[in-house]
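I am attaching a structure below and will ask some questions about it afterwards.
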Amino acid sequence: MQYSVAVRNAKNDAIEATIGASPILKIYSGTKPTNCAASPTGTVLATINLPSDWLGASASGVKSMLGTWSDASADATGVAGHYRI
C-alpha cells in the first residue's frame, strides 16, 4: 500500500497528537517485545523527558525532532535494543 504525502503527513501528526505533550522516551537493552501491549524487556538504559513540543509538523511525509532530547545521566550501561515513548 502506498500513501500520498498528504496521508503520510496526517498519519504522522495524528501519532504525535495521540501521544500528547511532554512524553517520556525510555531506551531499553534486550530484544524488542513481540507487540506494544507486551511488557518491555531488558534494562532501562536511558529515560528522557521530551520537550512539550517534541516534533515539528509533518512535511513531505516526514516529522522532525524539536527541542533538546538528552539524558544528563544514563540509567545503566548496555547496548540499546528498543525504545518506547
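I'd like the carbon and sulfur percentage of the solvent accessible area for segment 22-85, probe radius 1.4 Å, heavy atoms only, ligands and nucleic acids excluded.
Roughly 56 percent of what the probe reaches on segment 22-85 is carbon or sulfur.
Using helices alone, I'd like the mean residue ellipticity at 222 nm for the chain: each DSSP H run of four-plus residues gives -39500 (n - 2.57), total over residue count, nearest 500.
Mean residue ellipticity, 222 nm, calculated: -6000 deg cm²/dmol.
Moving to a separate point now. Quick check on the chain: of the DSSP beta bridges with both residues there, what percent are antiparallel, nearest 5%?
Close to 100 percent.
Could you name the lysines whose alpha carbon sits less than 21 Å from that of K63, not counting residues in the same chain fewer than 8 places away?
Filter leaves K11, K26.
With springs only between Cα atoms under 10 Å apart, run a GNM on the chain and tell me which of T43, T18, T31 wobbles the most.
Looking only at T43, T18, T31, the biggest GNM fluctuation is shown by T18.
Express the accessible area of the chain per residue in Å², computed with a 1.4 Å probe while the remaining protein chains stay in the model.
Here the per-residue accessible area is 67 Å².
OK, next. Using only Cα atoms, find the angle between the long axis of helix 5-19 and the longest principal axis of the chain, and express it within 0 to 90 degrees, rounded to the nearest 10.
The helix 5-19 is inclined about 40 degrees to the chain.
For the chain, how big is Rg over Rh, using alpha carbon atoms and the Kirkwood form of Rh?
1.03
Let me ask you something else. So for the chain, averaging the separation of alpha carbon pairs under 8 Å that are six or more residues apart and normalising by length, what relative contact order in percent results?
Contact order relative to length: 37 percent.
The values are calculated or read from the model by the stated rules, or taken from the named source; none is laboratory data. This is a predicted model, so every value here is computed, not measured. Accessible surface is based on the protein model in full, side chains and every heavy atom, while ligands, DNA and RNA are left aside. Shrake-Rupley method; radii C 1.70, N 1.55, O 1.52, S 1.80 Å.
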